[in-house]
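Working notes, beginning with the structure itself.
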Amino acid sequence: MRKNISDLLSPLGYQIIEAGNGEAGMAVFVQKKPHVIILDINLPGKNGLQVLKEIKEISSDTPVIIFTAFGTSERAIEAMKLGAFDYLEKPFELDEFILTVERACEYHNLLTEVKELRSIVNEARSQPADDNIIGRNPRMQEIFKLIGRIAPTDATVLIQGESGTGKELIADAIQRHSLLSDKPFVKINCGALSESVLESEIFGHEKGSFTGAGSRRKGLFEIADGGTVYLDEINSMPQSLQVRLLRILQKQSFFRVGGVTPVKVNVRVIASANKDIEKEMENGNFREDLYYRLCVVRINIPPLRERKDDISPLIEYFLRKYCPSRKLIILPESINKLCSYNWPGNIRELENTIYSAVVTADNDVLNIKNLPLRAELPMEEFSFVSLAKDHQSFKGAVNYVERKIIEDALRINNNNQTKTALFLKMNRRLLYSKMKELSLIPDNSDKRKVSGKKGGSL
């Protein structure tokens, strides 16, 4: 059996090292450090599961293919629990065996690449982030410089950018580097509350000013006195409240809901908008006088699609954030895919994508299949009902679609069934069975098998 496998794999370019029992196999493994191990469970002396356990204690990354002539579910489960790469029963199909060996070699090569990538990113990962704002793009660098200039002043700031671009992080940075960094910093989303609730939250209310107002309550401006207020999505603020906000910016005073005595405050205002404020003014949705009061300093944050050189460092940051100890790796081809995507949800979508990939990853490598991206192009209109009608039945339509898929995959892979199964991510036996069912191969096609007896070897 060992000789047959050696004769089979050697012409394919593999260097084969043989051993006749578990003890000899372990000696060869320690000395030669092979990339892949093919191991029978039924060995003279020490059995294959014992050998597998010892191999994994020395090198958990080495892929081990287990096979036996006496397969049981318990043995298969135990082998996989101990870390086997795959489990085959004798007799096994030749193509399936070769495909398994190819997959094991690809896995070994992938782990080697991962180790190299880790050595590159470990130093970067070990460095703590100064802030939560990541930006190598020249436009972001200019924003950072502007923050440095305006933060120590009391100037009102308007931050504008699409949803998910990091407007709140910019506001945080301004406050953190300001002279008011140790003073109150109060935030409110103007688009998340109804007009009446928003009014009460911002300005507070007097006892009995409305049903349920059992006591006087301070508003956010009063709470933030001496510090900073951040008004997110200010473009969503109702015009009646825009007038009251304008009074605060002009006179640093306001009235609580139901109040008659002005409340004096000293606050710095930072506001953000996720729509073009100037267009909102043209449409009559935003007061022009309030705009000019807010826009003493204006910061326009570019969308992620216009700063794609920031995608890679952002990915590294989110990996460090969501798996600080696991050190997951994203392969270069996946990075390229992420960089070519337009990110309509901007940094928030990128963060959610990486987080989703991290929590669903089944190993230390994040591949494209782990990255849930929104489709950028609409699907071509297609009537499946018409397809079923054209083929007289539901099953006829399904067979037509399956046949077209397999035919195209075979053509792409030069009619190599092993590569086609790998390409379609399906079991080689299932592909063969489906091809027979769809009359894509003659019924008398021979199936090549390799068989062996009890007492196989490493």
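Here are some notes:
- Residue count, the range 131-170 (criterion: of a type outside the set (Asp, Glu) and part of a loop (DSSP other than H, G, I, E, B)): 16
- Residue count for the range 171-210, restricted to those that are at pLDDT below 90, in a loop (DSSP other than H, G, I, E, B) and open to solvent by less than 20 Å² (accessible area, probe 1.4 Å): 1.
- Qualifying strands (runs of 3 or more DSSP E) (wholly inside the range 35-107; at least 3 residues being buried (at least 20 other Cβ atoms within 10 Å of the Cβ) and touching a strand residue (DSSP E or B) at 6+ places or on another chain (Cβ under 8 Å)): 37-40, 64-68
- Residue count for the range 393-435 satisfying the condition of being over 20 Å from Phe97 (Cβ atoms), of a type in the set (Lys, Arg) and surrounded by fewer than 16 Cβ atoms within 10 Å (Cβ to Cβ): 3.
- Sole residue being modelled with pLDDT under 70 and in a helix (DSSP H, G or I), chosen from Lys337, Lys395, Lys389, Lys321: Lys389
- Yes/no for Glu280 being in a helix (DSSP H, G or I), touching a residue at least 40 places away in the same chain (Cβ under 8 Å) and not aliphatic (A, V, I, L, M): yes
- Leading residue by the ranking (nearest to Glu199 (Cα to Cα)) among those in the range 211-257 that are among the charged types (D, E, K, R) and assigned to a helix (DSSP H, G or I): Arg244
- When residues of the range 339-365 are limited to those that are of a type in the set (Ser, Thr, Tyr) and over 11 Å from the mean Cα position of the chain (by Cα), the one least open to solvent (accessible area, probe 1.4 Å): Tyr341
- Residue within the range 368-379 that is among the hydrophobic types (A, V, I, L, M, F, W, C) and either farther than 30 Å from Ser312 by Cα or at pLDDT 75 or above (or both) present: no
- Total residues in the range 17-34, condition in contact (Cβ under 8 Å) with a residue 12 or more places away in the chain, open to solvent by 10 Å² or more (accessible area, probe 1.4 Å) and in a helix (DSSP H, G or I): 7
- Among the candidates Lys187, Lys145, Lys207, Lys167, the residue that is basic (Lys, Arg) and more than 35 Å from the chain's Cα centre (by Cα) is uniquely Lys207.
The values are calculated or read from the model by the stated rules, or taken from the named source; none is laboratory data. Just so it is clear, the model here is predicted, and its values are computed rather than measured. With ideal geometry, Cβ positions are generated from the backbone for all residues, glycine too; neighbour counts draw on all protein chains shown. Heavy atoms of the whole protein, side chains included, go into the accessibility calculation; ligands, DNA and RNA do not. Shrake-Rupley method; radii C 1.70, N 1.55, O 1.52, S 1.80 Å.
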